[in-house]
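Heads up, the thing below is written out as structure tokens.
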Amino acid sequence: MPFSTALTRQLGIKIPVVQGGMQWVGYAELASAVSNAGALGILTALTQPSPSDLRKEIQRCRTMTTNPFGVNLTLLPALVPPDYHGYAQAIIDEGVKIVETAGNSPGPVIRQLKAAGCTVLHKCTTIRHAQSAINLGVDFLSIDGFECAGHVGESDITNFILLSRARQSLNVPFIASGGFADGQGLAAALALGADGINMGTRFMCTIEAPIHHNVKVAIVEAHETDTELVLRRWRNTSRLFGNRVAKEAVKAERESASGKFEDVAPFVSGKRGREVFVSGDVHHGVWTAGQVIGLIHDVPSCQGLVERIEREAEETLERANTLIVGRGSRPPGQQQPPPGQVGRNMNNPGAEVWGIGKQKL
């Protein structure tokens, strides 16, 4: 049974699942397969060498699905930055109306997209950054917990806390990202206040993902402990699959006497990481993966995966409803006190006292 959340209604999808943008993975083959399954597929703009190449990839994706799909545009610091406005204009000119943004100083690009009528989902790792994105006019927030792959931020807040803080603090819909692989996770995210989930690593491990099968096997065989955090020293932390090169990078970072990035640069080469996905040598270079690798045990089709997530989420929510056996212990007619107040003759948890007057940014 299709779900109805703010995400599904606004994006025109059946299942509140987004395939997150992934460098060297988010091509038309994967995005179209996810969209055909009823979720939202995402092309990754910067996998294409130029805005004109992105136009061609969008056109190619349209030949493979008639369902909605989006484009990810991630803004990262670089000595010679890509033509971000050119990529955004290619998205606009090709009529794509759903864009996932992420990264540093996204304001100008978000304003460009919003002026063209795009729906913008912005990825954040903190509530502070989420509130800044709201001020820019984004439509949805993708709240990225510390479990996620790639850039995890510097706050180290996992999703159980981060999603609840989002529910308490934000006035726009949000989806949950980082640590999701199944329908139980989707049900949990919905219970915590999210309108859907974002999955990256799980979609890497599908038949249609355009990466070498050896990478998928490595994910299936891995445990949740098999990731490494690199570049912490320079506050640009990324979570990588814990292969030999990633471990060497961590060692070089820890032992660097100079504290210069050049000491680890050879280990974290993006070129070597891209070659992993082509050659299948999973130790050739670094590549991103989330702790969710511990929950991934097969390589299904996107259709099979999304259908399974839908079924599991529905069963989980139905089971949760059976746990409610009465209307609670409060006597009929007795009202709950306003938040932050301890009522007379009420059995209030002591924890409520600690919430009085507490404000967080």
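The values are calculated or read from the model by the stated rules, or taken from the named source; none is laboratory data. The model shown is predicted, which means the values in this text are computed figures rather than measured ones. Cβ placement follows ideal geometry from the backbone for every residue including glycine, while neighbour counts extend to all protein chains displayed.
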Do you know which residues across the stretch 18-51 are small (Gly, Ala, Ser), crowded, with 24+ Cβ neighbours inside 10 Å and in a loop (DSSP other than H, G, I, E, B)? Gly20, Gly21, Gly26, Ala37, Ala39
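Select, from Val109, Val120, the only residue that is touching a Ser or Thr at 6+ places or on another chain (Cβ under 7 Å), farther than 19 Å from Leu229 by Cβ and assigned to a helix (DSSP H, G or I).
On the way: Val120 fails: assigned to a helix (DSSP H, G or I).
Checking each option against the conditions leaves just Val109.
Might you check whether a residue that is surrounded by 15 or more Cβ atoms within 10 Å (Cβ to Cβ) and among the basic types (Lys, Arg) occurs anywhere in the stretch 92-102? Step through it out loud before you land on a result.
Initially, the stretch 92-102 is screened for residues surrounded by 15 or more Cβ atoms within 10 Å (Cβ to Cβ), giving 92, 94, 96-102.
Narrowing further to those that are among the basic types (Lys, Arg): 97.
Looking through the stretch 92-102, at least one residue is surrounded by 15 or more Cβ atoms within 10 Å (Cβ to Cβ) and among the basic types (Lys, Arg).
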Restricting to the stretch 161-213, count the residues that are in a helix (DSSP H, G or I), over 19 Å from Val138 (Cβ atoms) and of a type outside the set (S, T, N, Q). 12
In the list Leu317, Leu305, which residue meets the criterion of being assigned to a helix (DSSP H, G or I), farther than 23 Å from Glu29 by Cβ, at pLDDT 95 or above and under 26 Å from the mean Cα position of the chain (by Cα)? Leu317
Out of contact with any His (no Cβ under 8 Å at 6 or more places or on another chain), at pLDDT below 95 and surrounded by 14 or more Cβ atoms within 10 Å (Cβ to Cβ): does that describe Arg233? yes
Tell me which of these Arg55 doesn't satisfy, since it passes every other one: (1) under 19 Å from Arg274 (Cβ atoms); (2) touching an Asp or Glu at 6+ places or on another chain (Cβ under 9 Å); (3) of a type in the set (D, E, K, R). (1)
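Being free of Cβ contacts under 8 Å to residues at least 24 places away in the same chain, among the acidic types (Asp, Glu) and surrounded by fewer than 24 Cβ atoms within 10 Å (Cβ to Cβ): is that true of Asp156 here?
On the way: free of Cβ contacts under 8 Å to residues at least 24 places away in the same chain: yes; among the acidic types (Asp, Glu): yes; surrounded by fewer than 24 Cβ atoms within 10 Å (Cβ to Cβ): yes.
Yes, satisfied.
Looking only at the stretch 67-82, count how many residues are assigned to a loop (DSSP other than H, G, I, E, B), crowded, with 16+ Cβ neighbours inside 10 Å and within 21 Å of the chain's Cα centre (by Cα). Please lay out each step first, then the result.
Of the residues in the stretch 67-82, the ones assigned to a loop (DSSP other than H, G, I, E, B) are 67-68, 76-82.
Filter again for crowded, with 16+ Cβ neighbours inside 10 Å, leaving 67-68, 82.
Then drop every residue that is not within 21 Å of the chain's Cα centre (by Cα), which leaves 67-68.
Result for the stretch 67-82: 2.
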Restricting attention to the stretch 1-17, and to residues there that are surrounded by fewer than 20 Cβ atoms within 10 Å (Cβ to Cβ) and not hydrophobic (A, V, I, L, M, F, W, C), which single residue is farthest from Ser142 (Cα to Cα)? Pro2
Give the stretch 248-285 a look and list any residue that's of a type in the set (Gly, Ala, Ser), surrounded by fewer than 17 Cβ atoms within 10 Å (Cβ to Cβ) and under 24 Å from the mean Cα position of the chain (by Cα), or say none. Ser269, Gly270
Which one is surrounded by the most Cβ atoms within 10 Å (Cβ to Cβ) among residues in the stretch 172-214 that are under 19 Å from Thr44 (Cα atoms) and of a type in the set (Val, Ile, Thr)? Ile197
Members of the stretch 262-276 that are touching a helix residue (DSSP H, G or I) at 6+ places or on another chain (Cβ under 6 Å) and in a helix (DSSP H, G or I): Asp263, Phe267, Val268
Restricting the stretch 94-117 to residues that are of a type in the set (A, V, I, L, M, F, W, C) and free of Cβ contacts under 8 Å to residues at least 60 places away in the same chain, the one farthest from Gln10 (Cα to Cα) turns out to be Val109
